[in-house]
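The values are calculated or read from the model by the stated rules, or taken from the named source; none is laboratory data. Predicted model, so just to flag it, every value in this text is computed and none were measured. So basically every Cβ, Gly included, is an ideal-geometry build from the backbone, and we count neighbours across all protein chains shown. Just so you know, the surface numbers come from the protein's heavy atoms only, side chains and all, with ligands and any DNA or RNA stripped out. Shrake-Rupley method; radii C 1.70, N 1.55, O 1.52, S 1.80 Å.
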Amino acid sequence: MDLLLPIITVVLVILGSVCLFISIENDRRVREFHSNGLTSRRMRESDDPSKRSNKSFA
C-alpha cells in the first residue's frame with residue numbers, strides 16, 4: 001500500500017509523456033500537410049462555381 005502513490009505517479013507521468021509525444025507528432029503532420037499546399041488546392045476546387053450543384057434542397 002505504501003508503494004501505491006509512487007507507482008501511480010510514475011504511470012501517470014509515462015502516460016502524459018506518451019500523450020505529449022502523440023500531440024507533437026500530430027502537430028508536425030498537420031503543419032507538413034498545410035505547408036504542401038494540399039488544403040489550399042482543395043479549397044480552390046470547392047470554390048469553383050462549375051463544380052457546384054444548382055439543385056434545390058427545398
- request: Round to the nearest 0.05 the FRET efficiency obtained for Arg31 and Asp2 when R0 = 35 Å and r is the Cβ-Cβ distance.
  value: 0.15
task: Would you check the accessible area of Val10, probe 1.4 Å, heavy atoms only, in square angstrom rounded to 10?
output: 90 Å²
